[in-house]
Amino acid sequence: MRKVSLTGIKPTGSLHIGNYLGAIKPALELAKEFDARYFIADYHGLNTIKDPKELNFTIRHVAAGWLAAGLDPERVLLYRQSSIPEIFELTVMLMAFTSKGLMNRAHAYKAAVQVNADKGDDLDAGVNMGLFTYPVLMAADIIAFDSDVVPVGQDQVQHIEMAQDIAGAVNANYKKPVLKVPKAAIQDSVATVAGLDGRKMSKSYNNAIELFCSEAVLQKTIMRMVTNSQGVEEPKDPDSSHIFSLYKFFADQGEQDALAARYRAGGMGWGVAKEELFRVTNRALSPMRERYEAIIADIPALDKILEQGAEKARPIAAATIKRLRKACGIDS
Ligand code: TRP
């Protein structure tokens with residue numbers, strides 16, 4: 001049997017280049033050798049997005065993004081989390097094996113509490129149970145599908161470890177491998193994609209380059225990238241430049257070597273370095289942008305793909321539930 005690769009993207013905000021290079025592209029690479037199950041974590045999105053129009057659109061935006069990036073729905077299961085009720089039944093079952101202390105230690109929850117503490121607010125202000133129990137739902141996403149590897153960024157590794165703990169607790173209790181214990185798959189070379197200011201590209205830092213923006217906006221955004229004050233004539237170090245580090249993702253080896261030499265020689269200003277980055281980025285993204293536009297223009301067809309994916313996915317999750325219910329003594 002082929003091993004299973006599974007990952008989800010939360011529909012909160014526009015996809016950016018960091019999502020593509022750090023999550024979507026490596027996951028599609030893995031799909032060549034694994035049985036891949038990739039989904040839109042829309043109930044995770046509900047924790048933060050309370051505007052129905054926004055959530056509704058962002059779910060389609062993320063789905064269209066996967067397809068535009070090359071996901072083949074004939075070979076990869078693509079579905080919405082909300083279409084698989086078994087995930088939520090599993091969540092309830094896993095709750096019984098998840099200590100509250102484990103949730104207290106989750107980074108996202110701790111960060112929210114810290115923000116409140118710093119402001120002198122009630123520590124639980126703005127913390128809903130969806131945020132507090134986020135790792136259990138995520139464990140269910142993973143465990144329901146017998147996942148072997150979960151391609152994620154560094155920020156999600158703790159969540160995978162929690163899924164391991166929870167599956168391990170179930171297996172230890174019943175003294176048999178009822179649930180598959182997953183592993184994280186972090187691709188080192190793509191784990192961090194730098195944003196406009198050189199920090200990790202992230203919605204929350206407001207330093208992202210949108211994946212499907214127009215060519216004009218792409219150019220404007222790249223030209224806004226932060227640089228140091230080195231003048232045109234000064235030699236520049238490509239290896240410490242986040243402009244060059246992004247360039248490497250989109251340029252072939254010959255182009256990289258040639259541009260690195262121009263950095264080092266001096267005589268090339270940051271404006272030109274950015275123009276070069278725009279050129280290769282736009283070259284890679286244009287065909288994807290066109291596919292995205294075509295897919296998002298036909299929502300019924302897109303929804304049909306997602307429904308078909310869910311139809312194929314549900315029996316897998318149902319089999320996990322059946323196994324666990326039997327182990328628990330709650331036969332169907
Ligand atoms: N928590 C992930 C993120 O914010 C999204 C996610 C939800 C996920 N469920 C998952 C990722 C299951 C991998 C596996 O990026």
Can you tell me the order of 319-330, 117-128, 204-215 when each peptide is scored by its average per-residue count of other Cβ atoms within 10 angstrom, highest first? 204-215, 319-330, 117-128
Relative contact order computed over the stretch 5-87 (Cα-Cα under 8 Å; 6+ residues apart), in percent: 42 percent
Other-chain or far-sequence residues with amide H under 5 Å of residue 202's (modelled H): 207, 208
Residue-averaged [θ]222 nm for the chain, counting only DSSP H segments that reach four residues, each worth -39500 (n - 2.57): -17000 deg cm²/dmol
Solvent-free Debye scattering, log10 I(q)/I(0), computed from the Cα coordinates of the chain at q = 0.10 Å⁻¹: -0.65
Relative packing of peptides 253-260, 106-113 - highest average C-beta neighbours within 10 Å first: 106-113, 253-260
By the mean-Cβ-within-10 Å protection proxy, highest first, 305-316, 158-169 rank as 158-169, 305-316
Per-selection Rg to Rh, the stretch 183-265 - Cα, Kirkwood hydrodynamic radius: 0.99
For residue 266, residues with placed amide H under 5 Å, excluding near neighbours: 236
Roughly how many whole Å is it from the C-alpha centroid of the stretch 273-332 to that of the stretch 144-221? 15 Å
Relative contact order of the chain (C-alpha contacts under 8 Å, at least 6 apart) in percent is 23 percent
Quick one: 3J(HN,Hα) in Hz for the stretch 155-170, Karplus 6.51/-1.76/1.60 with θ = phi - 60°, rounded, Gly and Pro as x. 5, 9, 4, 4, 5, 5, 4, 5, 4, 4, 4, 5, 4, x, 5, 5
Taking amide H positions as placed in the peptide plane 1.01 Å from N, state which residues far from residue 80 in sequence (5 or more) or on other chains have amide H under 5 Å from it. 40, 310
Of the listed pairs 3/110; 10/200; 10/326; 203/274; 10/180, those with alpha carbons more than 25 Å apart are 3/110; 10/326
Can you pull the percent of Cα pairs in the stretch 1-69 with separation above 20 Å? 31 percent
Coil-residue trypsin sites (Lys or Arg not before Pro) of the stretch 176-234, DSSP, other Cβ within 10 Å capped at 13: 199, 224
The ³J(HN,Hα) series, computed from each phi in the stretch 275-281 with the Karplus coefficients 6.51, -1.76 and 1.60 at θ = phi - 60°, rounded to the nearest Hz and given as x for glycine or proline, is 4, 5, 5, 4, 4, 6, 5
Stokes-Einstein at 20 °C, 1.002 mPa s, Kirkwood radius from Cα pairs: D for the stretch 1-116 in µm² s⁻¹? 135 µm²/s
Rounded to the nearest 0.05, what FRET efficiency do residue 32 and residue 204 give with R0 = 25 Å and r taken as the Cβ-Cβ distance? Could you check? 0.20
J(HN,Hα) series, the stretch 303-314, from Karplus relation 6.51 cos²θ - 1.76 cosθ + 1.60, nearest Hz, glycine and proline x: 4, 5, 4, 5, 5, 5, x, 5, 4, 6, 7, 4
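Every read-out reported here was derived from the displayed coordinates using simple, explicitly stated rules and does not represent laboratory data. These figures come from a predicted structure and were not determined experimentally. Positions of Cβ are backbone-derived with ideal geometry, glycine not excepted, and every protein chain shown enters the neighbour counts.
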